[in-house]
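The values are calculated or read from the model by the stated rules, or taken from the named source; none is laboratory data. These numbers come from a predicted model, not from an experiment. Positions of Cβ are backbone-derived with ideal geometry, glycine not excepted, and every protein chain shown enters the neighbour counts.
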Amino acid sequence: MAKELFQMSYLIIVADITLFLFIFFNSTLNSARKSAFLIAEAIASTMILCNIVNYSLAGTGKYIWAVKLFTAISYSVSGPVIIPFIFLSGVISKRVRVVIQVAASLNIVLSFLSIFNSCVFVVDEYGNTSLRPLSPIPFIFSAMYLAVLFASSVIKFRLGLRTESAFIMFLSFDITIAVILNTFYHYKFLISGMAVLSSIFYYMFFAMQMLTRDALTNALNRHSFYKDIQDMKKKQMYVISMDLNGLKQINDNLGHSEGDKAILAVADSTFALLPSTCKFYRIGGDEFALLYPGADESSVKDLTDNIKHNVSEKKYSVAVGYSEYRKGMDFDEVLKTADEHMYNDKACMKSCENVSDIHKPYTTES
């Protein structure tokens, strides 16, 4: 038994400890993401410990109290292991997060009550565990967590974050398979192993995103912009240049945190309207660009008008210009033309209404 237990758990334990060290000493993760990853690691470690104890004591008739205790802990955390990934997605509303936390708390209460009244599980005199009438409840909660994780994938897709959307969807599928195999076929260490692997894969995904995306807005960064240009030069596309109006004034009067809110308003407004083939970049402090292959001018005009409208509803404004690129053209000249159109748009907007009036709700005078 010891040899079999070692074979099943050794790689998972090593992977879990290694990832914990990476996360703990990683200074590039923000505090919220680091906390979520550490919680996921703590849950996975707890599940591994529960599996080891229960596997070692099952059928021996020894330490029945320990089997009950660790079974209760296992039922408490096996579903909520999904929750950190839901929070890491960053797109689930506060109300849904509260519902998830309440469900997780109720699951813990039921699991530990089962030690005394066997409502969820029962442990016989030999240390073997079987399910009881309320056993579906933890599985229903787990299904709810998976549904929310899947929903976050759909939201990411609609926001134009298709790589992360596909990753989360694949993660949801893999966790579902692990839960099914563990529940109905009694595969050992499968959910805990999947929890560790999911944490590793998600951590790697975020590490990759740090190289290609802007940390504040999650738009693609300047490096990605020039890389994608080289890959897309054989395609017809529109180059769209955008610039947030009045950022210096906001930073000077209200502070850089309010300036960050303004930049995020532009990013969120753009992501909400982004077509599937369009790529969105933050290439400077208040400068953004879009590459829209295969588009016609009518589609580009509709997109830019809608972005400007969305941004204005958040009490900010952007200047926009665009130009068409075709194979063989000088891309730098096309980008320069788009910038010129954007600056013309900015000058026109300034002549119609002073930028400080546009941001009046956010000035210190108001």
Subset tally (residues that are modelled with pLDDT under 90 and either basic (Lys, Arg) or in contact with an Asp or Glu (Cβ under 6 Å, 6 or more places away or on another chain) (or both)) for the range 248-277 = 2
Which one of these does SER152 not meet: (1) within 19 Å of CYS50 (Cβ to Cβ); (2) within 23 Å of the chain's Cα centre (by Cα); (3) polar (S, T, N, Q)?
-> (1)
Helices (runs of 4 or more DSSP H) (entirely within the range 1-89) containing at least 2 residues that are within 20 Å of LEU146 (Cα to Cα) and in the same structural domain as ALA166 (by TED's automatic domain parsing) = 31-57, 64-78, 83-89
Going through (1) under 30 Å from the mean Cα position of the chain (by Cα); (2) farther than 25 Å from TYR226 by Cα; (3) not aliphatic (A, V, I, L, M) one by one, GLU287 fails only at (2)
Checklist (1) of a type in the set (Gly, Ala, Ser); (2) surrounded by fewer than 22 Cβ atoms within 10 Å (Cβ to Cβ); (3) farther than 21 Å from ALA32 by Cα applied to SER111, failing item | (2)
For the range 230-246, name all the residues that are at negative phi, of a type outside the set (D, E, K, R) and at pLDDT below 90.
-> GLN230, MET232
Quick one: how many residues across the range 213-239 are among the hydrophobic types (A, V, I, L, M, F, W, C) and either loosely packed, with under 13 Cβ neighbours inside 10 Å or in a helix (DSSP H, G or I) (or both)?
-> 5
Residue identified as under 26 Å from PHE6 (Cα atoms) and aliphatic (A, V, I, L, M) among LEU131, LEU149, LEU197, LEU159 = LEU197
For LEU171, the lone unmet condition from (1) exposed (fewer than 15 other Cβ atoms within 10 Å of the Cβ); (2) touching a residue at least 40 places away in the same chain (Cβ under 8 Å) is (1)
Residue that is nearest to the chain's Cα centre (by Cα), among those in the range 317-333 that are of a type in the set (Gly, Ala, Ser) and surrounded by 13 or more Cβ atoms within 10 Å (Cβ to Cβ) | SER317
Restricting attention to the range 185-203, report how many residues are touching a residue at least 60 places away in the same chain (Cβ under 8 Å) and outside any loop (DSSP other than H, G, I, E, B).
-> 11
The range 302-315, subset among the basic types (Lys, Arg) and surrounded by 14 or more Cβ atoms within 10 Å (Cβ to Cβ), residue nearest to the chain's Cα centre (by Cα) = LYS314
Which listed residue, of ASP243, ASP252, is outside any helix (DSSP H, G or I) and either charged (D, E, K, R) or in contact with a Gly (Cβ under 8 Å, 6 or more places away or on another chain) (or both) | ASP243
Among the residues listed as ALA215, ALA219, ALA267, the single one being at negative phi and in contact with a Leu (Cβ under 9 Å, 6 or more places away or on another chain) | ALA267
If only one of LEU161, LEU149 is surrounded by 19 or more Cβ atoms within 10 Å (Cβ to Cβ) and modelled with pLDDT under 85, which one is it?
-> LEU161
